[in-house]
Amino acid sequence: MPLVNAKEMLTKAKAGHYAVGQFNINNLEWTKAILLTAQELNSPVILGVSEGAGKYMCGYKTVVGMVNGMLEELKITVPVALHLDHGSYEGAKACIAAGFSSIMFDGSHYPIEENVEKTKELVATCEELGLSIEAEVGSIGGEEDGVIGAGECADPAECKMIADLGVTMLAAGIGNIHGKYPENWAGLSFETLDAIQQLTGEMPLVLHGGTGIPADMIKKAISLGVSKINVNTECQLAFAAATREYIEAGKDLQGKGFDPRKLLAPGFQAIKDTVKEKMELFGSVDKA
Ligand code: 13P
């Protein structure tokens, strides 16, 4: 099945009280692991690509070519969206031109008027081309691609303003951060989430920083309207730990253990296991 935009899968998720996972990709192994797991679990999935990862993978056209090739060669039949994560205005335009099926325009660092203006323009383009679009209000804390945010709670009224522009999904800061959560993290602000959901109604809400959020908080967030959850760091940690174990056990020095297809296999499996665990927690299994 060719790429789809994320609208239908997220509308169904919101109505069915579960969430679709966005898993960020970094290379072929990542992409293959996520796609195969989604297919095995009969789950819809969103592949996230940050601008930095896009550059690393030799540009957006390379990413589109790789993903489209895999969908065909691996005979993937579950719905898959290819989504720009935290896109700039220019990045969003480049991904639209390259063949992404979904984009995020992160205008959260602009004054709200400018965020509205730029989001509006991109909404019109996406509507015309049949793409889905995610907007963000209130910066998500932590570090991603060198951008460091302090993590804040979005203003529900501003969320309503952006939601009304016709975006497909809305990311709102509710105390969540990218990367590992610090020991003294105060947790998600369900009060803010509830207020946003009351004002934005049917709009699927997006929870960034899915790594390390305890299962009960994930479930509560879904019950309050979160329909898409982004996970990146957790796959990276799982991949790194499995690769470290392989090397530390000296397996790369045994026989043909240095062959990249063998060396990267434990990390590949670790990504599959992480994605499976998340899809089960988010409730998207058998929802394709
Ligand atoms: P984590 O890296 O914390 O899982 O966050 C991912 C994310 O929100 C991507 O936009």
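Readers should treat all values here as calculations from the given coordinates under stated rules, not as data from a laboratory. If you're wondering where the values come from, they're calculated on a predicted model, not measured in any experiment. Here Cβ is always computed from backbone atoms with ideal geometry, including for glycine, and neighbour counts include all displayed protein chains.
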Requested in this report: Please sort by residue number the GluC sites (Glu not before Pro) in region 187-254 whose DSSP state is loop and whose Cβ has at most 14 other Cβ atoms within 10 Å.
Outcome: E202
Query raised in the report: Could you work out the helix-only [θ] at 222 nm for the chain, with each DSSP H run of four or more residues adding -39,500 (n - 2.57) and the total divided by the number of residues, to the nearest 500 deg cm²/dmol?
Result: -14500 deg cm²/dmol
Query - Nearby lysines by direct alpha-carbon distance to K93 (threshold 22 angstrom, same-chain neighbours under 8 apart not counted) - result: K7, K55, K61, K118, K120
Query raised in the report: In the chain, with Lys and Arg counted as +1 and Asp and Glu as -1 at Cβ, which of these residues, C126, T62, A163, has the Cα nearest the positive end of the dipole, that is, farthest along it?
Result: T62
Report task. Round to the nearest 10 and give me the degree value, 0 to 90, for the angle of helix 265-282's Cα axis relative to the longest principal axis of the chain. Result -> 30
**Report entry** In Hz, Karplus ³J(HN,Hα) per residue of region 254-259 (6.51, -1.76, 1.60; θ = phi - 60°; x = Gly, Pro)
**Finding:** 9, x, 9, x, 7, 4
Requested in this report: Could you list H83, H178, H17, H208 in order of exposure, starting from the residue whose Cβ has the fewest other Cβ atoms within 10 Å?
Outcome: H17, H178, H83, H208
Query raised in the report: Once you charge only the Cβ atoms, +1 for Lys and Arg and -1 for Asp and Glu, what is the size of the charge dipole of the chain about its Cα centre, to the nearest 20 debye?
Result: 1040
Query raised in the report: So for T62, T11, fewest C-beta neighbours within 10 Å to most, what's the order?
Result: T62, T11
Report task. Decide, for the chain, between rounded, prolate and oblate: order the square roots of the alpha carbon gyration tensor eigenvalues as a ≥ b ≥ c, take rounded if a/c falls under 1.5, and otherwise choose prolate if a/b is larger than b/c, else oblate. Result -> prolate
**Report entry** Rounded to 5, percent antiparallel among DSSP beta bridges of the chain
**Finding:** 10
Report task. At a Cα cut-off below 16 Å, give the lysines reachable from K12, other chains included and same-chain residues fewer than 8 away excluded. Result -> K228, K287
Report task. Can you grab the distance from the C-alpha centre of region 178-212 to the C-alpha centre of region 80-100, Å, no decimals? Result -> 24
Query raised in the report: Between region 39-65 and region 102-116, what's the alpha-carbon centroid distance in Å?
Result: 22
Requested in this report: First check a/c for region 1-99, with a ≥ b ≥ c the square roots of the eigenvalues of its C-alpha gyration tensor; if it is under 1.5, answer rounded, and if not, answer prolate when a/b is larger than b/c or oblate otherwise.
Outcome: oblate
Query - Positive-pole candidate from L264, T11, L207, dipole of the chain, charges at beta carbon - result: L264
Query raised in the report: For region 170-288, what's the relative contact order in percent, using C-alpha pairs closer than 8 Å and at least 6 residues apart?
Result: 23
Report task. Would you mind working out the magnitude of the charge dipole of region 53-160 relative to its Cα centre, with +1 at each Lys and Arg C-beta and -1 at each Asp and Glu C-beta, to the nearest 20 Debye? Result -> 480
Report summary line: Going from the fewest other Cβ atoms within 10 Å to the most, one would list D286, D85 as D286, D85
